[in-house]
Amino acid sequence: MPAHVAESDSTPDPTGTPDPTGTTDPTGPTDHTDPLAHERAHLAASRAALRAMREDVQALDIRDVTANWVNAAVLQSQIDDRIKALADLSHTPLFFGRLDYLHAVGGELAEGAEGERFYIGRRHVHDAAGDPMVIDWRAPVSQPYYQASPKNPQDVGLRRRFGYTGGELTAYEDEHLTDPAEAARTSRLLQAEIERPRVGPMRDIVATIQPEQDEIVRSGLGGTVCVQGGPGTGKTAVGLHRVAFLLYAHRERLARTGTLVIGPNRSFLHYIEQVLPALGELEVKQATVDDLVTAGVEVRGTDDAAAAVVKGDARMAEVLRRAIRSHVTRPTEPVVVVRGSRRWRVPAYEIEEMVDELLARDMRYGSAHEALPQRIAHAVLVRMEEAGEAPDDRVQNTVARNPAVKAAVKAIWPAVDPEKLVLRLLADPEFLAAHAEGLLSEDEQKLILWAKPARSVRSARWSAADAVLIDEARDLVARTHSLGHVVLDEAQDLSPMQYRAVGRRCSTGSATVLGDLAQGTTPWSTESWDEALFHLGKADAVVEELTAGFRVPREVIAYASRLLPAISPGLAAVESVRESPGSLAVREVPGGAAELDAAVVAACEESLRHEGSIGLIAADARIPALGAALEAAGHAYLSPGEETTAESRLTLVPASLAKGLEYDYVVLDEPAAVVDGEPDERTGLRRLYVALTRAVSGLTVVHAAALPEALEQ
């Protein structure tokens, strides 16, 4: 599609038409002789305008506009956030594209007048008069930058992409969407931006969002979207950009209800944490599922895979529900309330009716515990009124706190401590058997019972799966607070009980669910999105599939896709749009461990000759040996989550932590060891699939043992 490409060190193509509209903008008239200089001038003027916007906020004096110190503190916090959002990040282009419309946007155009021009960037920038110099990429007027095409130009005559080196504008590329003579071709700047070396944390993809990604990003707040995407399809970036879009379109609502991004581990969250701030969004919180459920619970124990699978099964929710309800007992005696010289009697059968009603309503256990004394007190007030008295709400509250009422409620509907309940289920075989009857087999019950029962909640060695059970029990007692929107990444690895824990956090809101069924690397990973969304409480979610790969080279993804029939039959392979001959090397090393270590170090040294980040991925058990080999060869290395720099570009990555990460060049050590490090072959092959698809520019596989059969084909 590009009809014209210009760079700072080349002469613009005289046959191109870099500025067909001739419209004006805040930097002055169009310079037909040097469009690049004109665009650089607009960039400089836009940066100056952004500085002025920031200085205006910094100069605000709130001393006379707040009634008290609380209001002043809140307002000052909002001002501070605004100042941060208006920071000009020198390494981040202020705008990355331009749209020249054929007509006026949103209005009629006078005869002879020309269309409007908009520069598309990460945030809105206006001049002193309030006229826009850069339009936020999320604004409706910006959408054609991602969606317009020669078949559907959406009134766009020209789309211009900009190329940057560091923070300097060095190139531009034009597409004349209404010119039938312009041949279709791949955007060189778009390709260069996708392939730009990755040093540091994950960056936004706002300049390279594709039409199918944009549709998902701009989908409404009201519905939940599930994105199935293979390696390199940009699903994580799509989810983060959707949050940024929703905050733009529904800022007031989400400011009240909150947003949350949930990732698989801390390394992953550290890797993605700069994406939203780069888009001007500073208030989105990030957490792992473990962070959500371990409040007040110290996780010190572990489960074997079989026990963790049972504890994570959705049947445990019903076991917990039965166990909590077992604390409710039928009343056998009336409640007698003494007030002054009068005695008011509520018979046992009437209290039993109240209990039956509360049980039938399926209220939270704690809410019913609080409602029962009010029901009994109301029955007493009815009797008072029948006797000619005129009690009010204050009398009802007083009766509800009467010792006789409190004693009856304690006996009938006692308070339940969620931690103690789970402790008893895991420590008391009879208690578990009573409430798991018809749900868990005897063998399954034995799997989850503690061999050495803890004596108290404080001494219990809770596992991560136990913490999820406690979270479920807490919700059965008192409703979990719901947020406005939750993004759940690497969702395929969650158990049904973990899905329920996340679903509670967005029960009245919506979610963006991201994952790849082929990358499920837990024994309890989901087999279908329909099942996962059911447990999440979002069965009506729309499932979208991304199959176009933009990150992993075609040769690499084709090699990794040989595993798909074994790990996820029926799942479509990713079709990479990037051809990169020579991006894959598979090297067999004769000899023992020492020869293998030396070959891996040599492969890392070879990769370090290239620009960008390098990830050495290996089975967890191989990490100490490889770390020692790198140190012996004089190579410092980082751990996952530590930020790469120009001076330190090599990261040693345990295969268990590789998911979601990406590196320009990957050296994969001993695939057979990666497979053998998992409890079963399918999980091991899925772990290997993840490791094989972390490379952006090149993958070197080094092995001494035989490769898995699927890769040998």
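Structure summary
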item	result
Wholly within region 511-623, helices (runs of 4 or more DSSP H) carrying at least 1 residues that are farther than 29 Å from THR259 by Cβ	554-560, 564-567, 593-608
Lone unmet requirement of (1) outside any loop (DSSP other than H, G, I, E, B); (2) in contact with a His (Cβ under 9 Å, 6 or more places away or on another chain); (3) open to solvent by 20 Å² or more (accessible area, probe 1.4 Å) for GLY641	(1)
Per-region count, region 654-669, residues modelled with pLDDT of 95 or more and either touching a Phe, Trp or Tyr at 6+ places or on another chain (Cβ under 6 Å) or surrounded by fewer than 24 Cβ atoms within 10 Å (Cβ to Cβ) (or both)	1
Selected residue (only one of ARG500, ARG479 is open to solvent by 40 Å² or more (accessible area, probe 1.4 Å), in contact with a Leu (Cβ under 8 Å, 6 or more places away or on another chain), touching a residue at least 24 places away in the same chain (Cβ under 8 Å) and not β-branched (Val, Ile, Thr))	ARG500
Considering residues of region 118-142 that are β-branched (Val, Ile, Thr) and touching a helix residue (DSSP H, G or I) at 6+ places or on another chain (Cβ under 7 Å) only, the residue most open to solvent (accessible area, probe 1.4 Å)	ILE135
Within region 188-297, helices (runs of 4 or more DSSP H) holding 1 or more residues that are more than 29 Å from TYR559 (Cβ to Cβ), open to solvent by 40 Å² or more (accessible area, probe 1.4 Å) and modelled with pLDDT of 85 or more	211-217, 235-249, 251-257, 266-272, 289-293
Of the criteria (1) surrounded by 18 or more Cβ atoms within 10 Å (Cβ to Cβ); (2) over 30 Å from LEU536 (Cβ atoms); (3) among the aliphatic types (A, V, I, L, M), which one ALA411 fails	(1)
In region 582-600, the residues that are over 20 Å from VAL696 (Cα atoms) and of a type outside the set (D, E, K, R)	VAL589, PRO590, GLY591, GLY592, ALA593, ALA594, LEU596, ALA598, ALA599
Residue check for SER528: out of contact with any Gly (no Cβ under 7 Å at 6 or more places or on another chain), small (Gly, Ala, Ser), over 24 Å from VAL299 (Cβ atoms) and open to solvent by 20 Å² or more (accessible area, probe 1.4 Å)	yes
Region 49-104, residues that are touching a Leu at 6+ places or on another chain (Cβ under 8 Å), without any contact (Cβ under 8 Å) to a residue 60 or more places away in the chain, within 27 Å of SER142 (Cα to Cα) and open to solvent by 90 Å² or more (accessible area, probe 1.4 Å)	HIS103
GLU631, sole failed condition from (1) without any contact (Cβ under 8 Å) to a residue 24 or more places away in the chain; (2) among the charged types (D, E, K, R); (3) surrounded by 18 or more Cβ atoms within 10 Å (Cβ to Cβ)	(3)
Failed criterion for SER459 (all others in (1) more than 30 Å from VAL309 (Cα to Cα); (2) open to solvent by 30 Å² or more (accessible area, probe 1.4 Å) hold)	(1)
Residue in region 355-371 that is touching a residue at least 40 places away in the same chain (Cβ under 8 Å), outside any helix (DSSP H, G or I) and not small (Gly, Ala, Ser) present	yes
Qualifying residue in region 596-605 (condition: closer than 30 Å to LEU546 by Cβ and open to solvent by less than 50 Å² (accessible area, probe 1.4 Å))	no
Members of region 482-496 that are over 16 Å from ALA465 (Cα atoms), among the polar types (S, T, N, Q) and open to solvent by less than 10 Å² (accessible area, probe 1.4 Å)	GLN492
Test result for SER463, among the small types (Gly, Ala, Ser), within 24 Å of GLY296 (Cα to Cα), under 35 Å from the mean Cα position of the chain (by Cα) and at pLDDT below 95	no
Test: residue in region 315-337 that is part of a loop (DSSP other than H, G, I, E, B), at pLDDT below 95 and out of contact with any helix residue (DSSP H, G or I) (no Cβ under 8 Å at 6 or more places or on another chain)	no
Within region 399-408, tally of residues that are open to solvent by 20 Å² or more (accessible area, probe 1.4 Å) and either under 30 Å from VAL297 (Cβ atoms) or over 48 Å from the mean Cα position of the chain (by Cα) (or both)	4
Residue selected from region 531-587 under the condition among the basic types (Lys, Arg) and open to solvent by less than 60 Å² (accessible area, probe 1.4 Å), by the criterion farthest from LEU517 (Cα to Cα)	ARG578
Any chance LEU533 is closer than 25 Å to ALA305 by Cα, of a type in the set (A, V, I, L, M) and out of contact with any helix residue (DSSP H, G or I) (no Cβ under 7 Å at 6 or more places or on another chain)	yes
Residue within region 508-524 that is among the small types (Gly, Ala, Ser) and open to solvent by 30 Å² or more (accessible area, probe 1.4 Å) present	no
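Conditions tested, residue by residue: (1) hydroxyl-bearing (Ser, Thr, Tyr); (2) in a helix (DSSP H, G or I); (3) in contact (Cβ under 8 Å) with a residue 40 or more places away in the chain; (4) touching an Asp or Glu at 6+ places or on another chain (Cβ under 6 Å).
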position	(1), (2), (3), (4)
VAL675	no, yes, no, no
PRO679	no, no, yes, no
GLY698	no, no, yes, no
VAL701	no, no, yes, no
ALA706	no, no, no, no
ALA710	no, yes, yes, no
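The values are calculated or read from the model by the stated rules, or taken from the named source; none is laboratory data. On a predicted model such as this, the values are computed, not experimentally measured, just so you know. With ideal geometry, Cβ positions are generated from the backbone for all residues, glycine too; neighbour counts draw on all protein chains shown. These accessible areas exclude ligands, DNA and RNA; they are computed on the full protein's heavy atoms, side chains included. Shrake-Rupley method; radii C 1.70, N 1.55, O 1.52, S 1.80 Å.
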